[in-house]
Amino acid sequence: MLLSFTLAMPGCNSWNGKWSGEGRHYVRIVNFGRSKKQSEAAAAILAKPYYRYDFGDGWAAAVSVAEVTSADARALRVKSDGFCGYEWMIDSIRQNGRIKGT
């Protein structure tokens, strides 16, 4: 099972109210495999397809999750500009079921 994790910054505390990465595609594809345990882990993440994290300073990040096909995953990888250094959010979702600060 392939899941796409898409990063956005819905809360921007910048001088112009915009994120410098706005308009770019920040996507990571994670392969969860086919075992029962892996499928259950992916299903648990998909049960809540939108995760939000408040940095506490006016900025907020959001990660949207969706199941994708292999063809979709290839296309998303090509369009992706990485994950802007926020891969820890994906790790947190996978480990904690939420985005948990450090």
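For this structure, a couple of remarks:
- Conditions (1) out of contact with any strand residue (DSSP E or B) (no Cβ under 6 Å at 6 or more places or on another chain); (2) modelled with pLDDT under 95; number of the one not met by Met9: (1)
- Given (1) buried (at least 16 other Cβ atoms within 10 Å of the Cβ); (2) at pLDDT 95 or above, index of the condition Leu46 fails: (1)
- If the condition is being of a type in the set (Gly, Ala, Ser) and touching a residue at least 24 places away in the same chain (Cβ under 8 Å), then the range 35-59 contributes Ser39, Ala41, Ala42, Ala44, Gly58.
- Residue selection: Thr69 fails the criterion of being touching a His at 6+ places or on another chain (Cβ under 9 Å) and of a type outside the set (Gly, Ala, Ser).
- Within the set Val27, Val78, the sole residue that is within 14 Å of the chain's Cα centre (by Cα) and among the β-branched types (Val, Ile, Thr) turns out to be Val27.
- Selection of first residues in the range 5-26 that are under 9 Å from Trp59 (Cα atoms) and in contact (Cβ under 8 Å) with a residue 24 or more places away in the chain and of second residues that are basic (Lys, Arg) and assigned to a loop (DSSP other than H, G, I, E, B), restricted to Cβ pairs under 8 Å at least 6 apart or on distinct chains, gives the following pairs, ordered by first then second residue: Cys12/Lys18.
- Within the range 1-24, tally of residues that are small (Gly, Ala, Ser) and part of a strand (DSSP E or B): 3
- Number of the condition not met by Arg94 [criteria: (1) closer than 12 Å to Thr6 by Cβ; (2) among the basic types (Lys, Arg); (3) crowded, with 16+ Cβ neighbours inside 10 Å]: (1)
- The one condition from (1) more than 18 Å from Gly33 (Cβ to Cβ); (2) in contact (Cβ under 8 Å) with a residue 60 or more places away in the chain; (3) not in a helix (DSSP H, G or I) that Met89 does not meet is (3).
- Residue within the range 55-64 that is aromatic (Phe, Trp, Tyr) and modelled with pLDDT of 95 or more present: no
The values are calculated or read from the model by the stated rules, or taken from the named source; none is laboratory data. Predicted model, so just to flag it, every value in this text is computed and none were measured. Here the Cβ is made from the backbone with ideal geometry for all residues, glycine too, and neighbour counts use every protein chain on show.
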